[in-house]
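The values are calculated or read from the model by the stated rules, or taken from the named source; none is laboratory data. No experiment lies behind these values; they were computed from the predicted model shown. Cβ coordinates were reconstructed from backbone atoms using ideal geometry, including for glycine residues, and neighbour counts include every protein chain displayed.
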Amino acid sequence: MTLASDTAMVMAAGLGKRMRPLSTTRPKPLVKVGGKALIDWSLDRLVEAGIRRAVVNVHYLADALEAHLAQYGRRQPDLAITVSDERSLLLETGGGMVRAQAQLPDPFFCLNSDNIWLDGPRTVFAELSSAWDPARMDALLLVVRHPAAHGHEGKGDFHLDPLGRISRRRPGRVAPFIYTGIQLVSHRLLREAPEGPFSTNLLWTRAMEEERLFGWVHTGQWFEVGTPQAIAPTEALLSRG
């Protein structure tokens, strides 16, 4: 099928504090899981899905990450990689998208650089594309149910109504869906955004109020690799497919 976009932004600028001490001397996206840098798990999935462009934001230990991306680009020329430079100021998730907006088509995929997942019958990018409706949506978030979220110990993030519209978990409650860090985003979500660093949550809140934030349930498996202790269990599960 035709994808909704040929471009993905890959969020790779964070400090990776929870991954210390492994992230003390390398950016978290270069920490290896199963013999492969975390960011390469995401980049490989982009290549497999037929996405042609990746915009990667950098801040912490940016030189090392840029050198790795250059090497990856030589190995995988089908994916054109450009950098959104945040060396001077870490802009967080929302500010990072705004900084890179001129490099991104409308819509674009956005994903965290520490994502590892196994696809279901179709790639996650095909799944999101099949559900995308720009007339109704500012963003479409890929979510996963607890049994398919390996390594996740939280209470969940979101509820979905029968139309797929998203609402947040209430304090002290459990929500059935966890955000995977993957979304399909319209430039409309970024309109009138504040300057400087800010979280995408600010934009999501407005989209929820306007009933334009939607979710799509992932049909495969997803792995949260946020700490050094999560690496070995993830590797064991991945080795079993």
Could you list, in sequence order, all residues of region 231-241 that are in contact (Cβ under 8 Å) with a residue 60 or more places away in the chain and assigned to a loop (DSSP other than H, G, I, E, B)? Gly241
When you go through (1) over 29 Å from Glu235 (Cβ atoms); (2) under 15 Å from the mean Cα position of the chain (by Cα); (3) in a loop (DSSP other than H, G, I, E, B) one by one for Asp114, which number turns out not to apply? (1)
Restricting to region 165-184, and then to whatever is surrounded by fewer than 18 Cβ atoms within 10 Å (Cβ to Cβ) and not charged (D, E, K, R), can you tell me which residue is farthest from Leu140 (Cα to Cα)? Gly172
For region 117-147, what are the residues that are more than 12 Å from the chain's Cα centre (by Cα), buried (at least 20 other Cβ atoms within 10 Å of the Cβ) and in a helix (DSSP H, G or I)? Glu127, Leu128, Ser129
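Among Gly73, Gly14, Gly96, which is crowded, with 17+ Cβ neighbours inside 10 Å and outside any loop (DSSP other than H, G, I, E, B)?
Numbers: Gly73 fails: crowded, with 17+ Cβ neighbours inside 10 Å; Gly14 fails: outside any loop (DSSP other than H, G, I, E, B).
The conditions single out Gly96.
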So Glu153 fits all but one of (1) part of a loop (DSSP other than H, G, I, E, B); (2) crowded, with 17+ Cβ neighbours inside 10 Å; what number is the exception? (2)
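For region 149-163, what are the residues that are within 17 Å of the chain's Cα centre (by Cα) and either under 19 Å from Ala230 (Cα atoms) or among the hydrophobic types (A, V, I, L, M, F, W, C) (or both)?
Of everything in region 149-163, those that are within 17 Å of the chain's Cα centre (by Cα) and either under 19 Å from Ala230 (Cα atoms) or among the hydrophobic types (A, V, I, L, M, F, W, C) (or both) turn out to be Ala149, His150, Gly151, His152, Gly156, Phe158.
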Given the conditions (1) farther than 30 Å from Ser239 by Cα; (2) at pLDDT below 95; (3) within 16 Å of the chain's Cα centre (by Cα), and given that Trp204 satisfies all but one, which numbered condition is not satisfied? (2)
Given Ala207, Ala135, Ala230, which one is in contact with a Leu (Cβ under 7 Å, 6 or more places away or on another chain) and of a type in the set (Gly, Ala, Ser)? Ala207
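Among Pro121, Pro134, Pro105, Pro147, which is the only one that is over 24 Å from Ser42 (Cα atoms) and of a type outside the set (Gly, Ala, Ser)? Before the answer, list the steps.
On the way: Pro121 fails: over 24 Å from Ser42 (Cα atoms); Pro105 fails: over 24 Å from Ser42 (Cα atoms); Pro147 fails: over 24 Å from Ser42 (Cα atoms).
One residue alone meets the criteria, Pro134.
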